[in-house]
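The values are calculated or read from the model by the stated rules, or taken from the named source; none is laboratory data. Bear in mind that the values here come from a model prediction, so they are computed numbers and not experimental data. Cβ sites come from the backbone with ideal geometry, for glycine too, and all protein chains shown count toward neighbours. Please note that ligands, DNA and RNA were not included when accessible areas were found on the heavy atoms of the full protein model with its side chains. Shrake-Rupley method; radii C 1.70, N 1.55, O 1.52, S 1.80 Å.
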Amino acid sequence: STLAPQRRSRIMTLHSFMQAFVDFVNRDVGKFTNADLMSSFCDRILKTGGEKLSDEDVESFLEKTVQLFSYLVDKDLFSEIYKNQLAKRLLNQRSASDDHERLMISKLKARCGSQFTGKMEGMLNDLAIGVDHQQEFEPHYKEKLEESGAAGPHVDFGVQVLTTGYWPTYPAFDVHLPPEMTKCTTLFKDYYDERNNKRRLAWMWGLGNATVKGNWGKKKYDLQVTTLQAITILAFNNPGAADEQFSFEQLKVSARLRDRAHQKINK
């Protein structure tokens, strides 16, 4: 029979094409791995300020990326990079759509199973639960401020509680908070401890952000800064400090910032 050799030849040709494609997908060119490039492509699509695409286009691009991802040998590397970028989108409020985030995770889950995407789903769930927590905390916060008769400007304050096992590891360090921030964090800690006596809070000062209202002469500004930058700026609220000059080393000492935290203020 002449059919069997022809079929065998076609199978061998398809296998050769497939092997060549797998080799191509896993051959890194330049300083970035293909896993990094795939994840960064998804990041551009999924974050605000990135590519402006319709829902249909987003789904199409994500599906094509996941198809390409399925040929990657080092899927764990992709997972690590993707989780870090997902965390940045969520914590910096740069995610364009919760539905698109869940869509991508569902596609990865269909390819690799729930263990592969468990931490990613945990991050999204933390933020969803955080919305409910914030709604419960706000009236408690306002009530305690009124009871204490606290003087000084009112501070809008929110906390996102993260489950340690889901998120990337972030450095923890102690800082000397200004009175405005100390009051807020103390109220939240007391509130949280009453409801979760078996859990311990660890503040990640390097992840927060703040809006600081500044008055310079007759001009007013809203400064969008990190928490560490806000701590430094508020040092100028001390009596007589507005007319003084501080070296960066002096500010570092006043806030008890270590070198790693010191570096984050410059970013």
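Going through the stretch 133-191 one residue at a time, which ones are under 26 Å from residue 117 (Cα atoms), open to solvent by less than 40 Å² (accessible area, probe 1.4 Å) and of a type in the set (Phe, Trp, Tyr)? Result: 167, single match.
Applying the condition of being more than 22 Å from residue 182 (Cα to Cα) and of a type in the set (A, V, I, L, M, F, W, C) to the stretch 216-247 and asking which residue is modelled with the lowest pLDDT yields 246.
For the stretch 100-127, how many residues meet the condition of being in contact (Cβ under 8 Å) with a residue 40 or more places away in the chain and of a type in the set (D, E, K, R)? Selection size over the stretch 100-127: 5.
Every residue, every condition in (1) surrounded by 14 or more Cβ atoms within 10 Å (Cβ to Cβ); (2) among the basic types (Lys, Arg), yes or no:
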residue	(1), (2)
75	yes, yes
83	yes, yes
90	yes, no
99	no, no
103	yes, no
122	yes, no
130	yes, no
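Within the stretch 18-42, the set of residues being in contact (Cβ under 8 Å) with a residue 40 or more places away in the chain and acidic (Asp, Glu) comprises just one member, 36. Checked across the stretch 175-191, the condition of being in a loop (DSSP other than H, G, I, E, B) and among the charged types (D, E, K, R) holds for no residue. Check whether at least one residue in the stretch 46-65 is at pLDDT below 95, surrounded by fewer than 17 Cβ atoms within 10 Å (Cβ to Cβ) and hydrophobic (A, V, I, L, M, F, W, C), and report yes or no. Yes, the stretch 46-65 contains a residue that is at pLDDT below 95, surrounded by fewer than 17 Cβ atoms within 10 Å (Cβ to Cβ) and hydrophobic (A, V, I, L, M, F, W, C).
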